[in-house]
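Colleague: Structure incoming, see below.
The values are calculated or read from the model by the stated rules, or taken from the named source; none is laboratory data. Worth saying up front: this structure is predicted, and the values here are computed from it rather than measured. Here the Cβ is made from the backbone with ideal geometry for all residues, glycine too, and neighbour counts use every protein chain on show. Only protein heavy atoms, including side chains, enter the accessible area calculation; ligands, DNA and RNA are left aside. Shrake-Rupley method; radii C 1.70, N 1.55, O 1.52, S 1.80 Å.
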Amino acid sequence: MKNVKCECGHINHEGTVLCEACGKPIEGNQHIDGNDDNKVLNMRYEGSARRSRTYKRTIIDKTWNFFSSVKVGVWLIALALIAAAIGTIYPQEEFKNSVLPSSQFYEEQYGLTGKIFYQLGFHNLYSSWWFVTLIALIGISLVICSIDRVVPLYRALKNQKAKRHEIFVRRQRFFSETEQTSDEDRQTFMNNLRKRRYKITEDDGHILAEKNRFSRWGPYVNHIGLIIILIASILRMFDFMHTEGYVWVREGETKVVPTTDQEYYIKNEKFIYETYDRNDERFQEALKNEEFNVPSNFQTNVVIYKVKEKVTLGQEPELEEVARGEIRLNQPLTFDGYSAYQSGTQLRSEYNLISFNVENGEGQQIGMFEFRPNDDQRTYELGNDYKAEIQEYYPQFEITENGPSSFSKFPRNPGIIFEITGPNVEGERYFYLNEDVVPLSDDNEFQVSLEDTQLITASGLIIKKDYSLPFFLIGATIFMIGVAQGLYWHHRRVWLHPKDGKLLVAGHTNKNWFGLQKDIEASLKDTNIEMVKDQQEKF
Amino acid sequence: MDLNTVSSNALYAAFILYLVATLFFGATIGKNKEDKTKSKASKIAITLTIIGFISQLTFFFTRWYLAGHAPVSNMFEFIAFFGMMLVLGFIIIYFIYRETIIGLFALPITILIIGYGSMFPTEISPLIPSLQSHWLYIHVTTAALGEAILAMSFVAGLVYLIAKVNQTVRSKQTFWLEVILFFVFATSAFILITSSFEGAGYQVEFTQEVDGQTNTIDYHLPALVEPDGAELRTEGAFTTGIEAPSWMHGENAGSKFNTLIWSILGGLVLYGLTRLILRKRVAAAIQPKLSRINTDKVDEIIYRSVAIGFPVFTLGALIFASIWAQEAWGRFWGWDPKEVWALVTWLFYAVFLHLRLGAGWHGEKSAWLAVVGFTIIMTNLIFVNLVIAGMHSYAG
Ligand code: HEM
């Protein structure tokens, strides 16, 4: 390495622009930060030697330099944000809410632009390889960019001396020169700065007043937070960190909890659905305009069981209650690292019970039977040798080309054909559909009527285990600390440089020059020291 | 007076106070730097602003009490809250920089935004279960505050551009500056037209067949465009017979499109009249009034508002939002349009900060970026809520 020794004695790394200790511009390196043509020195990274500005030969150098460029970083971020925005023009595939396959949906629904959207892969943008790659590149850029700057910056700030080279002082953005000053003036100035929480270091009559140096680390701290978040999202792809399942449980039903390896069962004891009272004084006005009742609560009361011992397939496992509680929207239930969230409801959509009353021709009751779709029982004794038998059962009745059939196995619209027999009566057949019973033959002995129906609700629950959450939270917290540190505090420095009986004053801050100016102005009150002038070329 | 009246009157009062404060801020322009902040006018102006803010706070808390939940749950409430945060953002920036000219622009923008929000249904509505969470208040209020502080950079940016863009020749800059100002006219037109027809009780009914069902659609403005494939039901009502494009289905898409056309036409009329009277570009007419302002300071306000607003926005719109989404749906991030636009906003301001620090984008470039940023915020606030979300009625 070709180190450079400054006239102050400090040894600087190759590529240094301003001596780390005294700030004297190092000859031959001024073009690096563009100081040649400017009066004011570029102070961005204290003129320290950054790898990306120094080595430019090998492939590694070039890669490093590519990623450590803020321009490249900004381009990557800009591309990601434009792509993300375009992805919202039409719904993503998972939200499209249609039975049509995507290859037809986008074109039929949105025409040519929809087709283009689909063909460019925007319908699945956020998990597409190129979007993920873009985010990964941002991550790489973030790491390299930060390392490239933070190390030399740290060194420069650590090595800085109170005694600066005259050129350094004269070429600061804020600068003034006073012919005649007294010791008293200086003391007042320093005391005032001290009151404003500047830390004063003195070296041979030269003074450095500095505050909030820690704010310089803000960007790097916040970038570390972002990197933790990116790492957390990679971790989250693994099952040991994150699993997700979905289960529909009907009222009264007990089901295996998905993603738990058959270890947990969940029972839906009761589903509660509530709506706002239309006469509620507070909301009367708004509710008048609502066609349907406005829901106020979706809630599933559940019991969670754990399997006591693993059993062989087909055997009923022995269950032990481990948790019991209410799951509401916004109030999940947590058990053993899993959380259950209220997600979907099929409100009173399935029949749990349909009961019939059987009478003879004279209107005397023979008996009753209760059909429960989810039970296996298919014959019913009505007493006195009368019997009912289910012959056909279609859970969700529909007529197709091949005759009656069922659309699904869920009792959403049951069609039932049953037969009643008695001591002296041949079987008589009846058909039940849509809360109505019709005889399938003429001349009936019996009168069969619908007695009662009971509807139940199926509750859709999301089952989650997510051990990556703390990492995201830590990342986000570090990010917030970093941005606050970098954006709410500002690194300010004031140098006092006595020279041939004159006093030179210079000031620098990484941002908020207005604040620094106010600090200096207030601290110079009651002294004869000249207020600093802004030497920045006007843009 | 019952509490309901107190509440809505407090909002009116705030509205009027902002208006009067604007006039006083107007009286400070053209003054020298020194006597600008020390002048009576500026003291009265900021005092009125603060009283207006307190009055709006009164509206907010009485309404909270009446509803039993924080009033940030529908468009009217949210936009009114956003307006209140704009005023807070302005007050913060005022006490840092004492720049009265920012008030002259910030308050009218606030007034327009609150006025715009008041055109939505204002009744107190109950909270649907997915919104029943304390995180609703925490998330929405913080996000709105962040957005409002970020919006101050737009206000400063606008001042900067009006003061700096060369008005002696026509250029891309003068064109886009007029476009920005046109939005002020279009929003005013929207408020004027909507409230006039609303006041007159205007209503036209259409029916529309969708998937075998007949929907009724009410228009509150004369129909310049009908809903796609709809049938007029109100005898003798005015309609041009032109239909909205067929891809605009979704609830009330036709009516929204109709309103948009009214606003743009109305805006063009107002803008055209103004141009006729001024006989020059609107920005060119304002420019001489801003000759005394310190543009370096305004430039710094552009940056400081982003620097202060960015962390607040991150906290509210991304972190708190994620925590809430995790609690409500078990997923802290789901790529729905609202979330994506919060991310877009955030990335955009990250770009702003990097360009400013890394590539030295100061002054006019910064000011244009601030304008774009505000456009993104308004897109998220209005367009995504009204158009994208409504059109696709996505789950979530
Ligand atoms: C979404 C991604 C990013 C966010 C949210 C972010 C955030 C920030 C913030 C808030 C600052 C402080 C800005 C200021 O003080 O005005 C900053 C500074 C910086 N960022 Fe990023 N950043 C991101 C990505 C990147 C990338 C990809 C790079 C690499 C090219 C990068 C390089 C830098 C640099 C070099 C600084 C300035 C450090 C300094 O001058 O002291 N950032 N970043």
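Colleague: I'd like the residue in segment A:128-151 that is open to solvent by less than 50 Å² (accessible area, probe 1.4 Å) and more than 7 Å from the ligand (Cβ to nearest atom) and, out of all such residues, is farthest from residue A:218 (Cα to Cα).
Modeller: Checked segment A:128-151; the qualifying residue farthest from residue A:218 (Cα to Cα) is A:128.
Colleague: For segment A:339-377, name all the residues that are within 30 Å of residue A:310 (Cα to Cα) and open to solvent by 30 Å² or more (accessible area, probe 1.4 Å).
Modeller: Hits for segment A:339-377 are A:343, A:374, A:375, A:376, A:377.
Colleague: Here's another thing I want to ask about it. Could you say which residue among A:427, A:475, A:361, A:403 is within 42 Å of the chain's Cα centre (by Cα) and over 30 Å from residue A:249 (Cβ atoms)?
Modeller: A:475
Colleague: I would also like to ask the following. Out of all the residues in segment A:204-213, is one or more within 16 Å of the ligand (Cβ to nearest atom) and either assigned to a helix (DSSP H, G or I) or not hydrophobic (A, V, I, L, M, F, W, C) (or both)?
Modeller: Yes - at least one qualifying residue is present in segment A:204-213.
Colleague: Scan segment A:509-520 and tell me whether some residue there is closer than 28 Å to residue A:153 by Cα, touching an Asp or Glu at 6+ places or on another chain (Cβ under 9 Å), away from chain B (no Cβ under 14 Å) and among the β-branched types (Val, Ile, Thr).
Modeller: no
Colleague: Residues that are within 14 Å of another protein chain (Cβ to nearest Cβ) and over 18 Å from the mean Cα position of the chain (by Cα): list the helices (runs of 4 or more DSSP H) wholly contained in segment B:87-203 that include at least 1 such residues.
Modeller: By residue number, B:134-164.
Colleague: Among the residues of segment A:21-42, are any open to solvent by less than 80 Å² (accessible area, probe 1.4 Å) and closer than 26 Å to residue A:140 by Cα?
Modeller: yes
Colleague: Taking the stated definitions as given, is residue A:503 without any contact (Cβ under 8 Å) to a residue 40 or more places away in the chain and away from the ligand (no atom under 15 Å from the Cβ)?
Modeller: In short, no.
Colleague: Which one is nearest to the other protein chains (Cβ to nearest Cβ), of the residues in segment A:270-288 that are part of a helix (DSSP H, G or I) and open to solvent by less than 40 Å² (accessible area, probe 1.4 Å)?
Modeller: For segment A:270-288, the residue satisfying everything is A:286.
Colleague: A follow-up question, please. Which of the residues spanning segment A:380-412 are hydroxyl-bearing (Ser, Thr, Tyr) and open to solvent by 70 Å² or more (accessible area, probe 1.4 Å)?
Modeller: Within segment A:380-412, no residue meets the criteria.
Colleague: Collect the residues in segment A:502-539 that are open to solvent by less than 40 Å² (accessible area, probe 1.4 Å), of a type in the set (A, V, I, L, M) and assigned to a loop (DSSP other than H, G, I, E, B), keeping them in residue-number order.
Modeller: Those that are open to solvent by less than 40 Å² (accessible area, probe 1.4 Å), of a type in the set (A, V, I, L, M) and assigned to a loop (DSSP other than H, G, I, E, B): A:524, A:529, A:532.
Colleague: Might you let me know whether segment A:174-181 holds any residue that is open to solvent by 20 Å² or more (accessible area, probe 1.4 Å) and out of contact with any strand residue (DSSP E or B) (no Cβ under 7 Å at 6 or more places or on another chain)?
Modeller: The answer is yes; a qualifying residue exists.
Colleague: Something else: Among the small types (Gly, Ala, Ser) and surrounded by fewer than 12 Cβ atoms within 10 Å (Cβ to Cβ), is that true of residue B:291?
Modeller: Taking the combined requirement at face value, the residue satisfies it.
Colleague: For residue A:34, work out the one condition from (1) away from the ligand (no atom under 16 Å from the Cβ); (2) within 14 Å of chain B (Cβ to nearest Cβ) it doesn't fulfil.
Modeller: All conditions are met except number (1).
Colleague: OK, next. Only residues in segment A:373-400 that are at positive phi count as the first member; pair them with residues that are open to solvent by 40 Å² or more (accessible area, probe 1.4 Å), Cβ under 6 angstrom, at least 6 apart or cross-chain, and list the lot.
Modeller: A:385/A:423
Colleague: Here is a further query. Could you pull out the residue among B:308, B:323 that is open to solvent by 10 Å² or more (accessible area, probe 1.4 Å), within 19 Å of residue B:143 (Cβ to Cβ), within 16 Å of the ligand (Cβ to nearest atom) and in contact (Cβ under 8 Å) with a residue 60 or more places away in the chain?
Modeller: The match here is B:308.
Colleague: May I pose another question? What are the pairs, 6+ residues apart or on separate chains, where a residue within segment A:50-79 that is part of a helix (DSSP H, G or I) and open to solvent by less than 30 Å² (accessible area, probe 1.4 Å) has its Cβ under 9 Å from a residue that is more than 11 Å from the ligand (Cβ to nearest atom) and of a type in the set (Phe, Trp, Tyr)?
Modeller: Pairs that qualify, where the first residue is part of a helix (DSSP H, G or I) and open to solvent by less than 30 Å² (accessible area, probe 1.4 Å) and the partner is more than 11 Å from the ligand (Cβ to nearest atom) and of a type in the set (Phe, Trp, Tyr), are A:52/A:64; A:61/A:55.
Colleague: Checking residue B:338 against (1) within 18 Å of the chain's Cα centre (by Cα); (2) at pLDDT 90 or above; (3) within 10 Å of chain A (Cβ to nearest Cβ), which test does it fail?
Modeller: The number of the failed condition is (2).
Colleague: Right, here's the next one. In segment A:485-498, which residues are surrounded by fewer than 19 Cβ atoms within 10 Å (Cβ to Cβ) and part of a helix (DSSP H, G or I)?
Modeller: Scanning segment A:485-498 gives a single hit, A:488.
Colleague: Could you look through segment A:289-327, keep only residues that are under 30 Å from residue B:122 (Cα atoms) and in contact (Cβ under 8 Å) with a residue 24 or more places away in the chain, and pick out the one that is surrounded by the most Cβ atoms within 10 Å (Cβ to Cβ)?
Modeller: Taking the candidates together, the pick is A:298.
Colleague: Next question. Looking at A:443, A:436, which one is open to solvent by 70 Å² or more (accessible area, probe 1.4 Å), of a type in the set (Asp, Glu), within 52 Å of the chain's Cα centre (by Cα) and more than 26 Å from residue B:331 (Cβ to Cβ)?
Modeller: It is A:436.
Colleague: Give just the number: which of (1) within 12 Å of another protein chain (Cβ to nearest Cβ); (2) modelled with pLDDT of 90 or more does residue A:247 not satisfy?
Modeller: Tallying (1) within 12 Å of another protein chain (Cβ to nearest Cβ); (2) modelled with pLDDT of 90 or more, residue A:247 fails exactly one: (1).
Colleague: I need a count of the residues in segment B:305-335 that are at the interface with chain A (Cβ under 7 Å from one of its Cβ atoms) and of a type in the set (D, E, K, R).
Modeller: Count: 1.
Colleague: Right, next: Could you tell me whether residue A:137 is within 28 Å of residue A:234 (Cα to Cα) and more than 9 Å from chain B (Cβ to nearest Cβ)?
Modeller: yes
Colleague: Looking at (1) under 30 Å from residue A:163 (Cα atoms); (2) touching a helix residue (DSSP H, G or I) at 6+ places or on another chain (Cβ under 9 Å), can you tell me which one residue A:37 breaks?
Modeller: (2)
Colleague: Further question: Condition first: touching a Phe, Trp or Tyr at 6+ places or on another chain (Cβ under 8 Å), within 16 Å of the ligand (Cβ to nearest atom) and of a type outside the set (Lys, Arg). Can you find one or more residues in segment A:89-112 that meet it?
Modeller: No; the residues of segment A:89-112 include none that is touching a Phe, Trp or Tyr at 6+ places or on another chain (Cβ under 8 Å), within 16 Å of the ligand (Cβ to nearest atom) and of a type outside the set (Lys, Arg).
Colleague: Exactly one condition in (1) within 16 Å of the ligand (Cβ to nearest atom); (2) assigned to a loop (DSSP other than H, G, I, E, B); (3) surrounded by fewer than 17 Cβ atoms within 10 Å (Cβ to Cβ) is not met by residue A:45; state its number.
Modeller: Of the numbered conditions (1) within 16 Å of the ligand (Cβ to nearest atom); (2) assigned to a loop (DSSP other than H, G, I, E, B); (3) surrounded by fewer than 17 Cβ atoms within 10 Å (Cβ to Cβ), the odd one out for residue A:45 is (3).
Colleague: If you check B:165, B:140, which single one turns out to be β-branched (Val, Ile, Thr) and either surrounded by 23 or more Cβ atoms within 10 Å (Cβ to Cβ) or free of Cβ contacts under 8 Å to residues at least 60 places away in the same chain (or both)?
Modeller: B:140
Colleague: Out of the residues in segment B:330-370 that are closer than 21 Å to residue B:176 by Cβ, of a type in the set (Phe, Trp, Tyr) and assigned to a helix (DSSP H, G or I), state the one that is farthest from the ligand (Cβ to nearest atom).
Modeller: That would be B:368.
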